[in-house]
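The values are calculated or read from the model by the stated rules, or taken from the named source; none is laboratory data. Everything numeric in this text was worked out from a predicted model, so none of it was measured. For neighbour counting, all protein chains shown are included, and Cβ atoms are generated from backbone atoms with ideal geometry for every residue, glycine included. Each accessible area value is taken on the protein alone, full model and side chains, heavy atoms only, with ligands, DNA and RNA left out. Shrake-Rupley method; radii C 1.70, N 1.55, O 1.52, S 1.80 Å.
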Amino acid sequence: SRYVDEAYDTEEEELDTFWKRFFIEHTFPQKPILYVTSDYACQVVRRNRGWYEEHFELCMASSYIIDSFIDKNIAAIEAVKHGLEVPKTQEIHGDSDVDYICHSFAFPVIVKPVTFRDHRDAGFKTQICKTEWDLRQFLQLYLSKEINLQCQEYIKGEDKDCIFYQFYRDDNGHITECMGEKTLQTNGIMTIGTTKYDKQLKDICHSFLESIDYVGIGGIEFKRNDDKYFFIEMSTRTEGFLAISDMAGVSLAEASYSDRNGRVFIEKNR
């Protein structure tokens, strides 16, 4: 990016030394704004949040939101608690969980690693299993390992039925938002996206964000089936495809930067 002047790379165990050196080498008239761009970074900052809030203007969701929505099992429970539709879900810890899924779920089902660490260790993002045999065969590779997995009933639909909602919400509940369809996906990751205003989606998300009192940048993914929107997952960080909001003329980066600098916050949507 042409906006990046300096970049650093450091290990978590060396962060204390890094930050001491950083603030010796740099002086600021006011607190610099800190953004987090990965689940791992969210948890690093979360563990020492008091120090980060003392030294930075922190653009990150609350600790409750970080703890709840990085873990897909907890996220499903919290989403239901706060009014969202969620596909039938089961944690997978052993054969008894697999038996329960086979007897109680409608196939196909989708298997997901629970956290970003499980994703890394498992080596896959999602796996669709069309039959009970497919599920049992696939899980044979993982049940003996210490990898937390989740199974959900698969909500049928095309790529365009995978809906994204990106937002920045300030302390007063004002929102700049960008929403649309995942026109084309590759392994569950959006390759092409199309912005498309959706009032029903907006109303669902506004109610949910108010209920959990989300402040900061984030993103929510839904799967649309008929007139229902099923919660799939939420990103509690600055997402890689944030630039789509710039292209749509409702820059979440600009909105958050302006708000954290004490400028007038203007709500926008697209």
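Before moving on, here are some points about what is shown:
- For the pair THR126 and SER62, a Förster radius of 22 Å applied to the C-beta separation gives a FRET efficiency near 0.20, rounded to the nearest 0.05.
- Length available on full extension from LEU15 to THR183: 0.36 nm per residue minus the Cα-Cα distance, which gives 56.5 nm.
- Span from the region 132-174 Cα centroid across to the region 1-35 one, whole angstrom: 34
- Each principal axis of the chain carries a Cα extent, and these read 62, 44, 33 Å when sorted largest first.
- Sum of -39500 (n - 2.57) over DSSP H runs of 4+, divided by residues of the chain (222 nm, nearest 500): -10000 deg cm²/dmol
- Candidates GLU210, GLU233, GLU146: whichever shows maximal mean-square fluctuation once the chain is modelled as a Gaussian network with Cα springs under 10 Å: GLU146
- Here the simple spin-label model places points 7 Å from the Cα toward Cβ, and for LYS156 and GLN200 these points are separated by 1.8 nm.
- ALA106-SER144 FRET efficiency (beta carbon distance; Förster radius 25 Å; 0.05 resolution): 0.35
- The chain: relative contact order as a whole-number percent, Cα under 8 Å and 6+ apart: 21
- Solvent-accessible area of region 207-270 (1.4 angstrom probe, protein heavy atoms only): carbon and sulfur portion equals 43 percent.
- Selection among TRP133, THR27, LEU143 by position relative to the dipole of the chain gives TRP133 as farthest towards the positive end (Cβ unit charges, Cα centre).
- Magnitude of the charge dipole for the chain, about its Cα centre and with charges confined to Cβ atoms of Lys, Arg (+1) and Asp, Glu (-1), is about 560 debye.
- Lysines whose Cα lies under 24 Å from that of LYS72, excluding same-chain neighbours fewer than 8 positions away: LYS81, LYS88, LYS112, LYS125, LYS130, LYS145, LYS156, LYS160, LYS182, LYS202, LYS223, LYS228
- For THR27 and SER211, a Förster radius of 45 Å and the Cβ-Cβ distance give a FRET efficiency of 0.65, rounded to the nearest 0.05.
- Fraction of alpha-carbon pairs over 15 Å apart in region 70-151 - percent: 55
- Nearest-20 debye value, region 44-109 charge dipole, Cβ charges on Lys, Arg, Asp, Glu: 100
- Multiplying the residue separation of TYR3 and HIS82 by 0.36 nm and removing their Cα-Cα distance gives an extension gain of 24.7 nm.
- Cα-centred dipole magnitude for region 1-135, charges only on beta-carbon of K, R (+1) and D, E (-1), debye, nearest 20: 420
- Solvent-accessible area per residue in the chain equals 54 Å², computed with a 1.4 angstrom probe and all protein chains kept.
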